[in-house]
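Have a look at the structure below before the remarks.
The values are calculated or read from the model by the stated rules, or taken from the named source; none is laboratory data. Keep in mind that what you see is a predicted model, and the values were worked out from it rather than measured. Glycine also receives a Cβ, built like all others from the backbone with ideal geometry; neighbour counts cover every protein chain displayed.
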Amino acid sequence: MVKQIDPVCGMEVESEKTPYKSVYKGKIYYFCSPHCKKAFEKNPEYYLQHGPVGMPKS
């Protein structure tokens with residue numbers, strides 16, 4: 001079981017189990033929820049530069 005860190009909220013995510021994934025610049029990012037995935041896809045560079053900032057407001 002491989003753990004990944006959700007780049008939006010910072011939660012640990014099991015990469016094999018989560019259905020929430022996104023590819024950006026050739027790298028796969030894993031998310032705990034559709035809210036985090038959507039927030040990342042709106043502005044991926046922000047999260048890659050600033051790191052996890054907590055759960056997004058829906």
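List of remarks:
- Enumeration of residues in the stretch 10-37 that are surrounded by fewer than 20 Cβ atoms within 10 Å (Cβ to Cβ), under 23 Å from K57 (Cβ atoms) and touching a residue at least 12 places away in the same chain (Cβ under 8 Å): G10, M11, T18, Y20, K21, S22, Y24, S33, P34, H35
- Of all residue pairs spaced 6 or more apart or on separate chains, those with beta-carbon atoms under 7 Å, a first member in the stretch 38-50 that is closer than 17 Å to Y20 by Cβ and in a helix (DSSP H, G or I) and a second member that is among the aliphatic types (A, V, I, L, M) and modelled with pLDDT of 95 or more are A39/V8; F40/V8; Y47/V8.
- When P44, P52, P56 are checked against the criterion of being under 22 Å from M1 (Cβ atoms), surrounded by 11 or more Cβ atoms within 10 Å (Cβ to Cβ) and not basic (K, R), a single residue qualifies: P52.
- Test for V53: is it at pLDDT 95 or above, among the β-branched types (V, I, T) and not in a helix (DSSP H, G or I): no
- Failed condition for Y29, given (1) assigned to a loop (DSSP other than H, G, I, E, B); (2) at pLDDT 95 or above; (3) of a type in the set (S, T, Y): (1)
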